[in-house]
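The values are calculated or read from the model by the stated rules, or taken from the named source; none is laboratory data. From a predicted model like this one, the values you see are computed outputs, not experimental measurements. Glycine gets a Cβ as well: all are built from the backbone with ideal geometry, and neighbour counts include every protein chain shown. Quick note on the areas: whole protein, heavy atoms, side chains included, nothing else; ligands and nucleic acids left out. Shrake-Rupley method; radii C 1.70, N 1.55, O 1.52, S 1.80 Å.
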Amino acid sequence: MNGFVVVGTDTDAGKTAFSLLFLAANADRFDYWKPVETGDPDSLRVRRLVPTATVHEPLARFTDPVAPALAAKREGRAMPGVAEILAAVPRTDRPLLIETFGGPLSPLTDDVLQIDLIRAFGLPVVLVSSSAVGAVGRTLSAWRALAGVDVACVVLLGDRDEYAEAQIAKHTGVRVESLALPSGEWTPEALHASEPSACPPPWWGRVARLGEPGGGERSSRVEAFPPTRHSKTRGDLPHQGGGQERGADGPAERVARQARLVERDRAAIWHPYTSLADPADPLPVVSAQREFLHLADGRTVIDAVSSWWTILHGHRHPPLVDALTHAAHTLDHVIFAGVTHPPAVELAELMLASMPWSGGRAFYSDNGSTAVEVALKLAYQFWCHRGEPHRTLFVGFENGYHGDTFGAMAVGRDPLFFGTFEPLLFGALQVPVSADTLDDALKANAGKVAAVILEPLVQGAGGMRTHTPQELRDIFEVTKRHGVLFIADEVMTGCRTGRLWAHSHAGIAPDLICSAKTITGGMLPLSVTLASPEIVEAFQTPDRAKTFFHGHSFTANPLASAVGAANWKLLGQGEWQQNAARIEAFWHAHLEPLRGRPRVKDVRICGTIAAVELDAAGGYLAEVGPRIRQQSIARGVLLRPLGSVVYAMPPLGTSDESLARIAAAIAAATQTR
């Protein structure tokens with residue numbers, strides 16, 4: 001779907017007037033669609049005044065000139081929701097001018113505002129407002145309501161007001177255009193002869209370019225509106241600076257810019273888990289939305305790995321964008337030692353309420369590896385406070401991965417990743433994921449072990465290796481029988497197995513729980529180590545020497561905490577679990593059949609996670625991995641195989657169509673050599 005959405009600051013802002021003027025000059029390039037109409041139909045008016053325009057029938061038309069939800073109720077009819085309207089988008093080869101009703105926050109249904117529909121379209125927006133008195137306040141209010149939407153430009157209809165143009169541009173950074181309305185009676189002949197049609201303003205064609213493929217895919221598309229003498233941008237204002245302006249990009253320009261970006265990257269950046277001599281160029285991503293990543297050369301790929309397992313609902317999920325926008329206007333950052341703030345408290349309360357025990361505390365840090373470091377240090381210091389400082393041994397499991405800092409490396413002990421640092425790592429055992437083997441290890445080291453750490457149900461970087469809830473429960477019970485602490489590393493598994501917590505499938509109560517990637521829905525870095533009441537009690541002492549001396553500069557950053565709190569409120573509604581179940585069912589239906597293929601060693605599915613292990617030599621360094629990645633990108637799907645293990649872990653909002661493309665890419669990978 002290409003085109004743009006016309007949104008008004010409110011009712012009678014001039015949406016239809018703008019649409020008529022635009023179509024009078026562009027009827028051969030754009031189709032018109034207003035999904036929902038009330039009162040005198042605007043679509044009939046467009047047909048009458050622009051007879052050459054293709055006007056698609058609305059999905060719903062109501063008689064009363066009131067809010068659609070109210071009009072539907074009065075007529076005893078159902079008001080279509082977001083999904084129904086998206087399904088009804090006209091199938092046309094030309095881009096659409098989609099006109100909305102009312103303003104962004106007008107009710108669409110009894111439970112949903114129109115802003116949710118505007119965001120769901122995923123198209124750039126032209127925001128229309130009257131230039132009459134109050135234009136600044138009206139426009140800024142509507143712009144604020146459009147958080148998470150790409151506003152391409154603001155159009156003020158009526159007599160030009162340079163003060164309003166400048167103020168709106170100053171506070172939004174969005175280009176502002178003024179458009180005079182034709183005087184006299186509006187007829188087809190009058191519209192055709194009007195100035196916008198007969199002599200289009202310089203910016204008119206640039207609005208039309210929003211309908212070109214890729215025209216609405218980049219958050220930088222506002223740059224396609226270079227200054228004219230009738231427009232204002234932030235750069236036009238005194239002391240605001242400026243910057244190089246660019247015209248709309250063609251394919252050649254996009255490819256050239258991508259090449260320059262890659263060249264600059266190779267000269268300046270050291271990428272994680274990537275050889276400096278890697279022959280494959282990094283993907284230059286310029287924007288993202290839902291499950292899609294938009295590249296500098298105009299291509300779009302599906303983020304099948306949720307950007308290293310972080311993006312939970314989808315890129316730029318509107319409620320989280322709203323939360324970040326609001327928080328950024330309130331508090332950016334503050335020291336967290338001896339200071340608190342509402343977002344951190346609210347998020348901690350929400351997360352603790354999901355725990356298998358009552359009480360406990362949340363300790364904030366920055367990422368999954370530091371969350372594990374906090375847990376390891378808390379576990380050892382717990383025993384020190386209990387008078388058992390000799391418990392210096394930790395037990396991890398084969399194929400486990402817990403991060404790249406020293407404590408996390410010690411309990412992970414991957415010989416490829418961390419073998420170089422072996423002389424620097426503290427003592428830790430690695431045992432198979434087996435309750436019996438763990439029992440033997442704890443017997444042989446009685447009184448020496450501080451804690452056992454495990455990724456519940458799915459060991460991520462070790463190859464997406466799975467174990468059952470019963471196996472997890474058996475391991476936990478062995479740990480408790482030996483009086484040892486149990487750490488659940490849920491950095492990757494949180495919200496990925498169909499439940500908030502993977503350990504809950506086994507009905508166990510870990511002593512410490514590490515969480516990170518999905519806390520903020522993947523929008524900002526944040527991690528939390530959740531400590532049980534027993535752990536907390538050991539630190540409840542007036543002896544300041546027994547303080548847990550650990551903290552980071554950006555501990556509990558207010559912006560990340562606010563987004564995290566908004567995310568956990570969404571998770572509390574439970575609707576996300578329907579998407580998780582849908583994705584898991586899709587994997588079973590489309591990937592499980594691969595098990596019978598000659599080169600397929602195993603197929604593993606747990607919640608939204610699916611992994612297909614190929615029978616290929618080399619483990620993590622298997623040569624087939626990079627080839628699969630490149631071939632999948634060519635198919636429009638971003639996969640990052642763990643050597644011979646090809647996996648997918650897409651955002652919850654990924655459509656069935658995108659899931660099918662991911663499954664096809666994985667199926668094709670089984671033929672790659």
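Over the stretch 75-149, accessible surface divided per residue gives 41 Å², non-protein components excluded, 1.4 Å probe.
Placing a label point 7 Å from the Cα of ALA353 along the Cα-to-Cβ line, the residues of the stretch 554-577 whose backbone N sits under 19 Å from it are 561-577. Working note: 222 nm ellipticity from helices only, DSSP H runs with n ≥ 4, each -39,500 (n - 2.57), summed and divided by the residues of the chain, gives -10000 deg cm²/dmol to the nearest 500.
Here the stretch 106-133 is scanned for amide nitrogen atoms under 16 Å from the site 7 Å beyond the Cα of HIS171 along Cα-to-Cβ, giving 128-133.
For the stretch 443-538, which whole percent of the accessible surface, found with a 1.4 angstrom probe, sits on carbon and sulfur atoms? Before the final figure, lay out each step's value.
Numbers: 1360 of 2690 Å².
That fraction is 50 percent.
Taking 0.36 nm per residue of separation and subtracting the Cα-Cα distance, full extension of the segment from ASP615 to ALA634 would add 4.5 nm.
Relative contact order of the chain, taken over Cα pairs closer than 8 Å and 6 or more residues apart, is 11 percent. The Rg/Rh ratio of the chain, with both radii computed over alpha carbons and Rh defined as the Kirkwood radius, is 1.02.
For VAL66 and ALA581, the FRET efficiency from 1/(1 + (r/R0)^6), where r spans their Cβ atoms and R0 equals 56 Å, is about 0.90.
Partner lysines whose Cα lies under 29 Å from the Cα of LYS73, excluding those fewer than 8 positions away in the same chain, are identified as LYS15, LYS34. DSSP assigns beta bridges within the chain; of those with both partners inside it, close to 45 percent run antiparallel. For LYS443, the lysines whose Cα falls under 19 Å of its own Cα, not counting residues fewer than eight places away in the same chain, are LYS480. Amide hydrogen proximity for LYS601: with H placed 1.01 Å from N in the peptide plane, the residues at 5 or more positions away or on another chain lying under 5 Å are GLU613, LEU614, ASP615.
Each residue of the stretch 288-301 is assigned a 3J(HN,Hα), and the resulting list reads 8, 7, 6, 9, 10, 10, 9, 9, 4, 8, x, 6, 10, 10 Hz, derived from the Karplus form 6.51 cos²θ - 1.76 cosθ + 1.60 (θ = phi - 60°), x at Gly and Pro.
A simple rule links phi to the HN-Hα coupling: the Karplus curve 6.51 cos²θ - 1.76 cosθ + 1.60 with θ = phi - 60°, which for the stretch 182-188 gives x, 8, x, 6, 8, 10, x Hz, with x for Gly and Pro. Normalised by the number of residues in the stretch 129-209, the mean separation of alpha-carbon contacts (under 8 Å, six or more apart) gives a relative contact order of 26 percent.
Placing R0 at 60 angstrom, the Cβ-Cβ distance between ILE269 and ALA83 gives a FRET efficiency of 0.90 after rounding to 0.05.
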